[in-house]
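K.L.:
Below: one structure in structure tokens.
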Amino acid sequence: MIPDRSYSRVFHSLGVEPWILGLLLDVKPRNLLDIGCGHGFWGFVVRRRIDVVYAVGLDIDYAKAREAKAVYDDVVIGDASAPPFRDRSFDSVLAVEVLHGLRNPRDDVKRLRDISRSLLVATFPG
């Protein structure tokens, strides 16, 4: 899959990309974790606009994660409610339009915040 050609297959809220990219440009993360990476849309977008040295995707869906390997340096199959990373492992963590799928969003967001050194971007759909 080529993410930009498959853009219409990726669920997203229109207009969120410039806002999130603006936040990331301010922080200038050297490494990034994308929670719920799906097919790799955010990895594709971020790699084209920001000088990220190391990008990791995490998704519970094996087929999507397999496709995302084309975009990320590493892809982990796992649950966003229990990500297998130490505190402060990444400069920035993206959890774009995945909060609705978490078991306990309030506690899960706290855990994701702990993984990030400087920025956590977490959004609900819409």
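K.L.:
So what's the Cα pair-distance distribution over region 66-110, bin width 5 Å, in %?
P.N.:
5, 16, 25, 29, 18, 6, 0
K.L.:
Would you work out what percent of the accessible area of the chain, with all protein chains in place, is carbon or sulfur (probe 1.4 Å)? Kindly include the intermediate steps, with their values, before the conclusion.
P.N.:
Numbers: 3500 of 6890 Å².
Exposed carbon and sulfur together represent 51 percent of the surface.
K.L.:
I want the local charge near residue 112. Using Cβ-Cβ distances under 15 Å, sum +1 for each Lys or Arg and -1 for each Asp or Glu among the other residues. Spell out each step's value before the answer.
P.N.:
Numbers: positive: 86, 88, 103, 106, 110, 111, 113, 117; negative: 34, 59, 79, 87, 91, 97, 107, 108, 114.
Charge balance near residue 112 sits at -1.
K.L.:
If you count only protein heavy atoms with a 1.4 Å probe, what accessible area per residue comes out for the chain, rounded to a whole Å²? Walk me through the numbers on the way to the answer.
P.N.:
Working: 6890 Å² over 126 residues.
Result: 55 Å² per residue.
K.L.:
Roughly what would the spin-label model give for residue 76 and residue 106, points 7 Å off Cα along C-beta, in nm?
P.N.:
2.6 nm
K.L.:
Of the peptides 15-21, 59-65, how do they stack up when ordered by the mean number of other Cβ atoms within 10 Å, highest first?
P.N.:
59-65, 15-21
K.L.:
Another question about this same structure. Compute the Cα gyration tensor for region 19-126, then decide on rounded, prolate or oblate, letting a ≥ b ≥ c be the square roots of its eigenvalues: rounded whenever a/c is under 1.5, prolate when a/b is larger than b/c in the other cases, and oblate in all that remain.
P.N.:
Working: a/c = 1.39, a/b = 1.09, b/c = 1.27.
Because its axes are fairly even, with a/c under 1.5, region 19-126 counts as rounded.
K.L.:
List the residue ranges in the chain for DSSP H helices whose C-alpha atoms run 18 angstrom or more along the long axis and whose Kyte-Doolittle average is 0.0 or above.
P.N.:
Qualifying helices: none.
The values are calculated or read from the model by the stated rules, or taken from the named source; none is laboratory data. These numbers come from a predicted model, not from an experiment. So basically every Cβ, Gly included, is an ideal-geometry build from the backbone, and we count neighbours across all protein chains shown. In case anyone asks, the SASA skips ligands and DNA or RNA and just uses the protein heavy atoms, side chains included. Shrake-Rupley method; radii C 1.70, N 1.55, O 1.52, S 1.80 Å.
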